[in-house]
Ligand code: XMP
């Protein structure tokens, strides 16, 4: 039978052997995958630098939360604030694949800029990431979208043998089991997944600071209600995404003409398929009230009732 302890030992031995005395750079996002990866490398005792690139596409207060979590686990991380570079690069770009490509490539650039002498790059790529964007896909149509860790620049590095992906055979639940055996706290391991390109994939059309701020505020309200009510741990993933379509409403005595926000909560086994969650109306009502009363720029709240397939979990 599969034993996580044996598998962990195998992974640690493999990492020590592959890395040797080289320096390995590891990007951390705060998510389960990259956290388990960083703790695994730390546990292996290799020469590792964990770098948190703040691409400015994070949720409300997320940077502080990530630094706090790593502090709790005793794993040192460095922060690179690249928000301005990302927002500048994304200015005026609306095409989803183009946005992903820009973010993915800039991510690697920022890394390499901040660690010129790094000999290896470690990534928390999981099995579903590998198959969803497999370059040997039978047809172009089956290449669903480019995951940010599979862009051209990475393929180049991979060809040079400079990319380490120790989690590439695992599904999410197996990564969590591995994390538990590494002593990572439960709340960190059960944080909802968050996509590498961040809020950009929840912001159709152009990514601007104004739009991001609206998404952050709505998302924080929604997640707050989910946590308060105990629903957070019962869903795979939940978020607020912007619907950049203006519709007419009334706020106070004034006519309003503002965007809509869409709430999405799904359950899933491995992110390959997903079902929307029948959240209580009372939870949706409270969330909606708080958003409509508290977030400037939004006059309509929608709940997304789409399964994957055909919809994906994210909007882009
Ligand atoms: P989709 O939208 O493809 O999402 O149904 C499936 C799962 O993957 C996450 N996701 C990503 N994760 N880099 C990541 O690390 C990405 O580029 C990316 N795109 C989507 C998404 O949040 C969901 O959990």
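Quick note: the coordinates plus some simple rules give every number you see, no bench work behind them. Source: prediction; values computed, not measured. All Cβ positions, even for glycine, are placed from backbone atoms using ideal geometry, and neighbour counts span all protein chains on display.
Remarks
- Cα-based helix-to-principal-axis angle, 62-73 vs the chain, degrees rounded to 10: 40
- Sorted peptide list for 210-218, 198-206, criterion being average Cβ within 10 angstrom, highest first: 198-206, 210-218
- Residue order, fewest to most surrounding Cβ atoms within 10 angstrom, among 73, 58: 73, 58
- R0 of 30 Å, Cβ-Cβ distance residue 155-residue 234: FRET efficiency to nearest 0.05: 0.20
- The helix-only estimate of mean residue ellipticity at 222 nm for the chain, built from DSSP H runs of length n ≥ 4 each weighted as -39500 (n - 2.57), is -13000 deg cm²/dmol after division by the residue total.
- Least to most buried among 99, 227, 246 (fewest other Cβ within 10 Å first): 227, 246, 99
- Amide N proximity, the range 78-106 versus residue 64 label position 7 Å along Cα-to-Cβ, cut-off under 20 Å: 78-84
- Take every DSSP beta bridge whose two residues both sit in the range 240-304; close to 70 percent of them are antiparallel.
- Each residue in 131, 77 was given a count of other beta-carbon atoms within 10 angstrom of its own, and listing them fewest first yields 131, 77.
- A viscosity of 1.002 mPa s and a temperature of 20 °C, combined with the Kirkwood radius over Cα pairs in Stokes-Einstein, give a translational diffusion coefficient for the chain of 104 µm²/s.
- Net length gained if the chain between residue 5 and residue 270 were fully extended (0.36 nm per residue, minus Cα distance): 93.2 nm
- Averaged over residues, the count of other Cβ atoms within 10 Å places the peptides 162-168, 290-296 in the sequence 162-168, 290-296, highest first.
- Residue 78/residue 162 FRET efficiency (R0 25 Å; Cβ-Cβ; nearest 0.05): 0.80
- Note on residue 88 and residue 17: the model spin-label points, each 7 Å out from Cα along the C-beta direction, lie 4.5 nm apart.
- Helix axis angle, 172-181 relative to the chain longest principal axis, alpha carbon, degrees: 60
- The chain: angle of helix 96-114 to the longest principal axis, Cα-based, in degrees nearest 10: 50
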